[in-house]
Every structure is written in C-alpha cells, then in structure tokens.
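All remarks here apply to the structure that follows.
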Amino acid sequence: MKDWIEHFRAAAHSLPVSHVWGGHGSALFVELGRSTPTTRRDGRLGHAEGEVGLMVEWSWRIENERSIVCGSWSDEVLWEPNFARLVGQRVDDIRTFGRLPEIQLSLSGGFHIASFMTAEGDPEWTLFDRRGPKTITVSCRSGVVAECE
C-alpha cells in the first residue's frame, strides 16, 4: 500500500499557494504551485488549478500561530481577506491527524489549514496531484487514506 500522505508531502513541499477560493456552500480550495487556467462546461473561465490542490468540502479552519482566523462557519466576509493572506505562503508540511484522518496543511508565515468533520461519515477532504498525465486523487474513505478510482 502506498503512503499517499508522504507522496503529497513530497509533491507539495515548498510550493507556493497560488490561489485560494470558496466553492459551493463552504467548500475550500487551496491551489499550490504553477497555475493552469480552466474553462467551465458553459465556456466561461473557471478557477485556476495548481500542480497540487487541497479541497475541504466542509468543516475547515484557517489558523495562525495563536488563533483561528476564520473557518467554514465564519461570516463569509472574513473569507476573502484571509484567503488573500495565504497566497504566496509556501508549504511546510501536509499531515493527517486524529483517529479518522483529518488533513492539515502547514504553511510558512505560521498559517495552518485544517479539516475537522462534524457530521457522520468520513472526513471530507481531497488532495489532487495534477503534475502527471493523469490526476492522482486521494481522500479518506472508510477511515483510511486511499486513492480515489
């Protein structure tokens, strides 16, 4: 069995945060490394994708060294200015924590992004490695970190 977290730790190490955006509901997307433009199905320009990406569907927070600066339950007016603070920060580490693996992305500048599911089921995060010909997608399924087929 491949250690997927180690794969993503190595792939993302020192990459800059290139784009952070909120998706449907409270979904959070963090794009790392060189950005590639995307086009939506309707032909409009979509959000740029990084070489490596993190998506947390819900229940996430952004921390600095001393507090939570915002999260999925914060007033959305706090999101954009805090997303902007992350752009340009570099990845120090990616790791899981907890009995059911939650994800934490540690950045330069003392910032951390963490998932923390509060509903039934699995933690709702996904990592994307878009560097090769086929995107590698990994998430937590039935309490284990595994590649999505």
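A few comments on the model shown:
- Qualifying residues in the range 38-57 (those that are hydrophobic (A, V, I, L, M, F, W, C) and more than 18 Å from LEU105 (Cα to Cα)) - the one farthest from the chain's Cα centre (by Cα): LEU45
Okay, residues lined up against (1) among the basic types (Lys, Arg); (2) over 20 Å from PRO123 (Cα atoms); (3) more than 17 Å from the chain's Cα centre (by Cα):
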| position | (1), (2), (3) |
| --- | --- |
| LEU15 | no, yes, no |
| LEU28 | no, no, no |
| THR36 | no, yes, no |
| SER74 | no, no, yes |
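- Hits in the range 114-132 - residues which are hydrophobic (A, V, I, L, M, F, W, C), assigned to a loop (DSSP other than H, G, I, E, B) and surrounded by 15 or more Cβ atoms within 10 Å (Cβ to Cβ): PHE116, MET117
- Residue tally, condition assigned to a loop (DSSP other than H, G, I, E, B), surrounded by fewer than 17 Cβ atoms within 10 Å (Cβ to Cβ) and of a type in the set (Gly, Ala, Ser), over the range 71-113: 3
- Test set (1) of a type outside the set (S, T, N, Q); (2) under 12 Å from the mean Cα position of the chain (by Cα); (3) more than 19 Å from TRP21 (Cα to Cα) - TRP60 fails condition number: (3)
Read-outs throughout are calculated quantities, based only on the coordinates presented, and are distinct from any laboratory measurement. As the structure is a computational prediction, the values presented were derived from the model and not from experiment. Ideal geometry is used to build each Cβ from the backbone, glycine not excepted, and the neighbour counts take in all protein chains shown.
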